Structures are given as structure tokens and as C-alpha cells.
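Here is the structure we will look at, set down as C-alpha cells.
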Amino acid sequence: MPVAIITGASKGLGRALAEALAERGWDLVLDARTPQPLQEAAEAVLSKYGVQVRALPGDVTDGTHRARLVAAARELGGVDLLVNNASALGTEPLVRLEALPLDGLRRALEVNVVAALGLVQEALPLLRQSPAGAVIDVSSDAAAEAYETWGGYGASKAALDQLSAVLGEEEPGLRVWVVDPGDMGTDLYAAAVPDDDGPRPDPASVVPAFLRLLDRRPASGRYGAPALLEQR
Ligand SMILES: NC(=O)c1ccc[n+]([C@@H]2O[C@H](COP(=O)([O-])OP(=O)(O)OC[C@H]3O[C@@H](n4cnc5c(N)ncnc54)[C@H](OP(=O)(O)O)[C@@H]3O)[C@@H](O)[C@H]2O)c1
């Protein structure tokens, strides 16, 4: 069975993606910082689909934790897919750049960029051995558009986009996809903009876009979930 590592898999998009991959028979290594919701997510997947699941609580910025995630995947057979999904906003709620705490910006860069590359580096030897190795880096339209208050987070996602683009060139044997999932009604969005309580899509509704990438294996590059969902 193929093996995926998904960071930030206790809720939101990461959890929805874990469920969808498990339904397809993938074995999973799941991560989040808070143990209980992570354990609940892992047990839900296990009881529904009976795949092998390793739930390892920890922070993606911790190199020892990243090594443990990859070691757990190795025990399951390797790494066929790495999903860098865990993310930090840098400040909650978001604020204009004039007030952005520099430590918040450092945190966003550490989680969204440095840790993502660290996990890629750790997993690369196993990804290269996979017959269909792939990396999915979860980005945002804030990486490409200038929205007030989204500057620090957007800058970190823009950096992630560029790392992914270069990785795609350097690793022609892999697929490296950056995915902008579009707005979703999750805790991350609520923390970013607490006053904006308008309806937003459920993360499960964008998961088919990710599955489409895995099924069709288009060239490495940046993809928007809405456009992927429109494709026949
Ligand atoms: N929601 C949107 O509208 C939206 C739009 C565009 C892009 N995105 C992107 O979509 C991805 C998923 O976001 P979401 O909205 O699904 O967020 P979410 O529901 O808040 O889930 C975030 C997950 O990441 C984990 N996490 C956060 N920091 C972590 C860390 N340092 N180490 C390990 N795990 C960590 C969280 O658990 P713990 O807190 O317990 O660690 C949780 O499992 C992110 O990359 C986000 O930037 C979201």
C-alpha cells in the first residue's frame, strides 16, 4: 500500500485529506501538535478503513519530530506522498504590516517554509525510491495576491511556492505540486479573520482536487483547487 505523511492532520484540510486517502487504502503518518484531536482523527480513520495509521504528536519545526515522522513512514514501507499542510498565520488575528510582530513573521516562515523544506529533505531518499513519489505543499492565494493584513503569512506562502517550484526542477523524477485550496471554513480562517463569519466551503469539498492530482499526475507546478475541480 502507498504511504503518505500528512502534517496538520488533526482537523481541517489535513484531516479531510487523511480520510480520503485512507478510503483509497493509503497507509498514513499523521502529525499535529495537540495529541487528543490527532489521536481522534487517527482512530476515526483506522476504524472506518482499517489502514495502518501512525499518529505522532509534535511540532513540524522540531527536527527530531520530523525525523520521527519519516522513520514511522519507513516502517510502513516508505514515503510515496508528503503533504506539507500544517501552517502558521504569524499573528492571530491577522494585522497590517505596520503592526506585524517580527517574531510572528519569523514563526510563519519557520513553520510554513523552513519546516516544510526540512521534512522534504528528510523524506527525499524515500520519495525518490517510490515509483510515484510526490510532494504537495499547501499554499494560499495570499501568496500571489496582495490582501491587506495577509502580508506576513502571504510572504511565507510565496516563499513556499518558490521552494516548491525549484524542487520540482531539481527532482524531475518526483511530482512537486503547490496547491492553493481556496477559502475553507476552518479554525485557521476563523483565527485569521474572527469578524468574518460568512459561509465558507468545507475542507472535504476541496479534497477531490487533491485526489485529481494523484490520479492524473500532471507536471510539477502550482495548481488552484477550484480549477482542478472544474476539469473533466
Ligand atoms: N482555511 C483556509 O481558508 C485556507 C485558505 C488557503 C490556504 N489554507 C491552507 O490550508 C492548510 C490547512 O489549513 P486549515 O485551514 O485546514 O487549518 P486548520 O483547520 O486550523 O488545521 C491546521 C492543522 O495544522 C496543525 N498544526 C498547526 N501548526 C502546526 C505545527 N507547527 N506543527 C504541527 N502541526 C501543526 C493543527 O493542529 P495543532 O494546532 O494541534 O498543531 C491542525 O491539525 C494550511 O496550509 C493553510 O495555510 C487554508
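The values are calculated or read from the model by the stated rules, or taken from the named source; none is laboratory data. Fair warning: this is a prediction, and the values are worked out from it, not measured in the lab. Because the Cβ atoms are built from the backbone with ideal geometry, glycine has one as well, and the counts that use them run over all protein chains shown. These area figures cover heavy atoms from the full protein model, side chains too; ligands, DNA and RNA do not enter into them. Shrake-Rupley method; radii C 1.70, N 1.55, O 1.52, S 1.80 Å.
Quick notes
- When 159, 142 are checked against the criterion of being open to solvent by 30 Å² or more (accessible area, probe 1.4 Å) and either under 23 Å from residue 98 (Cα atoms) or away from the ligand (no atom under 11 Å from the Cβ) (or both), 159 stands alone in meeting it.
- When region 28-62 is limited to residues that are in contact with a helix residue (DSSP H, G or I) (Cβ under 6 Å, 6 or more places away or on another chain) and part of a helix (DSSP H, G or I), the one that is farthest from residue 130 (Cα to Cα) turns out to be 41.
- Among the residues making up region 56-69, those that are surrounded by fewer than 23 Cβ atoms within 10 Å (Cβ to Cβ) and either away from the ligand (no atom under 11 Å from the Cβ) or not acidic (Asp, Glu) (or both) are 56, 57, 58, 61, 63, 64, 65, 67, 68.
- Residues in region 17-28 that are more than 16 Å from residue 73 (Cα to Cα) and open to solvent by 20 Å² or more (accessible area, probe 1.4 Å) were compared, and the one that is nearest to the ligand (Cβ to nearest atom) is 19.
- Selection status of residue 177, within 11 Å of the ligand (Cβ to nearest atom) and hydrophobic (A, V, I, L, M, F, W, C): no
- Only helices (runs of 4 or more DSSP H) whose full extent lies in region 129-232 are considered here, and the ones with at least 2 residues that are of a type in the set (S, T, N, Q) are 151-170.
- Region 185-220, residues that are within 20 Å of residue 91 (Cβ to Cβ) and of a type outside the set (Phe, Trp, Tyr): 186, 187, 188, 190, 191, 192, 193, 194, 195, 196, 197
- Matching option when the condition is modelled with pLDDT of 95 or more and farther than 21 Å from residue 189 by Cβ, among 13, 38, 17, 28: 28
- Taken residue by residue, region 224-231 has no member that is under 16 Å from residue 94 (Cα atoms) and within 16 Å of the ligand (Cβ to nearest atom).
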